[in-house]
Each structure stands twice: as structure tokens, then as C-alpha cells.
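Any read-out appearing in this document is the output of simple, stated calculations on the displayed coordinates, not a laboratory observation. Owing to the predicted nature of the structure, the values given are computational and were not obtained by experimental measurement. In this analysis, Cβ positions are derived from the backbone assuming ideal geometry, glycine residues included, and neighbour counts consider all displayed protein chains.
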Amino acid sequence: MQPYLTTIILLTCSNIFMTFAWYGHLKNLSTSPWLIAALASWGVAFFEYLLQVPANRTGHTVMNLAQLKILQEIIALTVFVPFAILYMKQKVTLDYLWAALCIAGAAYFIFRRN
């Protein structure tokens with residue numbers, strides 16, 4: 001169970017950095033030139049990669065590539081929804097539920113035993 005837990009923790013932390021790198025500039029640097037936002041985002045993304053690469057290497061010891069990708073999508077949505085609602089002040093809609101159900105379906109099919 002330890003490689004799974006390590007992978008989940010590292011991917012969760014990685015996704016926090018990734019979400020801020022991809023979307024945080026929309027709030028914090030909205031009046032700055034896009035090049036400044038891109039450079040700031042790359043700086044944040046550097047830390048994302050420091051966590052994402054070992055997460056995928058660890059996860060690949062116990063999961064196949066498709067399972068790793070779906071796990072990453074589950075974590076990404078789990079991180080993104082609170083970020084969108086709490087940090088970016090986005091309105092909660094049923095679309096979040098539908099997206100979560102689609103990801104749950106993907107997880108079922110990719111992790112089930114054949």
C-alpha cells in the first residue's frame with residue numbers, strides 16, 4: 001500500500017502547484033503582461049515537476065500508465081474544485097458533479113480487475 005499512498009500524496013501536492021501555475025495568474029497577475037505571468041507560472045511549475053516526476057516513477061511500480069493518468073485526473077479534479085470555489089470565487093454548478101461522475105466512471109473501468 002505504501003507506493004500507492006506515496007504516489008497519491010506526491011500527486012496531490014504536485015497538483016496544488018500545477019493548479020496555481022496554470023490558473024493562479026488569472027487572479028494575481030491579471031493586469032501584468034502575459035510574459036510576466038508565463039514566467040511566474042513556469043517558476044511555480046518547477047516545483048510541481050519536482051513532485052510529479054517521483055510520484056509517477058513510484059506509482060509506475062504498482063500501476064500501469066493508464067491507471068496513473070486516471071489517478072492524476074481524479075486528484076486534479078479534487079484539487080481544482082476547492083481552488084475554483086474558494087480561491088477563484090467561482091460559482092458551484094452541477095457541471096462539477098457531472099465531471100466528477102465521468103471521472104468516477106473512468107476510474108472504475110481503468111482500475112477494475114479483468
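The simple spin-label model puts a point 7 Å past each Cα toward its Cβ; for LYS91 and LYS69 those points are separated by 3.4 nm. Taking the stretch 7-114, which trypsin sites (Lys or Arg not before Pro) meet the DSSP loop condition and have no more than 13 other C-beta atoms within 10 Å? For trypsin sites (Lys or Arg not before Pro) across the stretch 7-114 that sit outside H, G, I, E and B with at most 13 neighbouring Cβ atoms in 10 Å, the list reads LYS89, LYS91, ARG112, ARG113.
Taking the highest mean first, how do the peptides 98-111, 3-16 order by number of other beta carbon atoms within 10 angstrom per residue?
3-16, 98-111
This model, with +1 at the C-beta of Lys and Arg and -1 at the C-beta of Asp and Glu, gives the stretch 2-111 a dipole about its Cα centre of some 120 debye. Sorted largest first, the spans of the alpha carbon positions of the chain along the three principal axes are 51, 34, 19 Å. Taking amide H as placed 1.01 Å from N in the peptide plane, the amide H of MET88 sits under 5 Å from none that are at least 5 places away or on another chain.
With the charge dipole of the chain set up from +1 on Lys and Arg Cβ and -1 on Asp and Glu Cβ about the Cα centre, the Cα lying farthest toward the positive end among the listed residues PHE47, VAL62, ILE9 is that of VAL62. Against the chain, whose longest principal axis is taken from its Cα atoms, helix 34-59 shows a tilt of about 10°.
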